[in-house]
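Okay, structure first, notes after.
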Amino acid sequence: MWTTGPQFANAIELGKAWGFEYKTVAFVWDKQIHNPGRYTLSQTEFVLAFKKGRFPSPRGARNIRQLISIRRSEHSEKPEQIIEGITRMFPQQKKIELFARKNFIGWDNWGLEIPDTKIKITSQDDAASSAQLSFL
C-alpha cells in the first residue's frame, strides 16, 4: 500500500481494517523533488507490506532494494521499478494495482486513468525464469 509520512498511521489502520497484518516498509521512494512539510521537507513516499495468512509460495527474488531514488514525474504517477521489484519478489502470485495510471502485463490494474496499451515489466521474464530455476 502506498502512503506518505503524514498518512502512515492511517494506512496501517486501513490495512488492519481490511483484515491484513502490517509487516514492514517494503519500499521507500526518494522522489528527488521536495515539497514543504510541516516538520521536514517531504520528498519520500512509502510502500507498506501487509499479509493475510501464510507467506506466498513459491517465493522469487529476495535481494530487491528497499530504497528507490527516481525523480518524480506526473502527478501521482509511481515508479515502474516498484512494480518490477514486486513482480520479481512474487513472480507467480496474483497482483493488483488499485487506482492505477498504467496497465501492466501480469497485473490486474484498476483505475479510471488506465490506458488501453499494456506495459511489459522489464524484469518479468527474468523473474519467471529465475523462479522456475530456483524451485525445480
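For region 65-90, residues that are in a loop (DSSP other than H, G, I, E, B), more than 13 Å from the chain's Cα centre (by Cα) and polar (S, T, N, Q) total 2. Among the residues of region 73-91, the ones that are modelled with pLDDT under 90 and open to solvent by 80 Å² or more (accessible area, probe 1.4 Å) come to 2 in all. Within region 33-45, the set of residues being open to solvent by less than 90 Å² (accessible area, probe 1.4 Å) and either polar (S, T, N, Q) or in contact with a strand residue (DSSP E or B) (Cβ under 8 Å, 6 or more places away or on another chain) (or both) comprises ILE33, ASN35, SER42, GLN43, THR44, GLU45. ARG38 is checked against (1) in a strand (DSSP E or B); (2) modelled with pLDDT under 95 and fails just one. What number does that condition carry? Of the numbered conditions (1) in a strand (DSSP E or B); (2) modelled with pLDDT under 95, the odd one out for ARG38 is (1). Considering region 41-51, the residues that are modelled with pLDDT of 90 or more and of a type outside the set (Gly, Ala, Ser) include one that is farthest from the chain's Cα centre (by Cα), namely GLN43.
Residues of region 6-32 being open to solvent by less than 40 Å² (accessible area, probe 1.4 Å) and either hydrophobic (A, V, I, L, M, F, W, C) or part of a helix (DSSP H, G or I) (or both), which ones?
Going through region 6-32, the residues open to solvent by less than 40 Å² (accessible area, probe 1.4 Å) turn out to be 11-12, 15, 25-31.
Of everything in region 6-32, those that are open to solvent by less than 40 Å² (accessible area, probe 1.4 Å) and either hydrophobic (A, V, I, L, M, F, W, C) or part of a helix (DSSP H, G or I) (or both) turn out to be ALA11, ILE12, GLY15, VAL25, ALA26, PHE27, VAL28, TRP29.
Considering only residues in region 98-122 that are surrounded by 11 or more Cβ atoms within 10 Å (Cβ to Cβ) and among the polar types (S, T, N, Q), the one that is modelled with the lowest pLDDT turns out to be THR122. Test ILE68 against the criterion of being under 29 Å from THR122 (Cβ atoms), in contact with a Phe, Trp or Tyr (Cβ under 7 Å, 6 or more places away or on another chain) and open to solvent by 80 Å² or more (accessible area, probe 1.4 Å), and give yes or no. No.
Scanning region 93-110 for residues that are under 22 Å from ARG54 (Cα atoms), in contact with a strand residue (DSSP E or B) (Cβ under 8 Å, 6 or more places away or on another chain) and either of a type in the set (A, V, I, L, M) or not in a strand (DSSP E or B) (or both) turns up LYS94, LYS95, ILE96, TRP107. Please tell me if GLN43 is more than 28 Å from GLY19 (Cβ to Cβ), in contact (Cβ under 8 Å) with a residue 12 or more places away in the chain and in a strand (DSSP E or B). Spelling it out, GLN43 is indeed more than 28 Å from GLY19 (Cβ to Cβ), in contact (Cβ under 8 Å) with a residue 12 or more places away in the chain and in a strand (DSSP E or B).
Total residues in region 46-64 satisfying the condition of being in a loop (DSSP other than H, G, I, E, B), of a type outside the set (Gly, Ala, Ser) and surrounded by 10 or more Cβ atoms within 10 Å (Cβ to Cβ): the figure is 4.
The values are calculated or read from the model by the stated rules, or taken from the named source; none is laboratory data. The model shown is predicted, which means the values in this text are computed figures rather than measured ones. Here the Cβ is made from the backbone with ideal geometry for all residues, glycine too, and neighbour counts use every protein chain on show. In case anyone asks, the SASA skips ligands and DNA or RNA and just uses the protein heavy atoms, side chains included. Shrake-Rupley method; radii C 1.70, N 1.55, O 1.52, S 1.80 Å.
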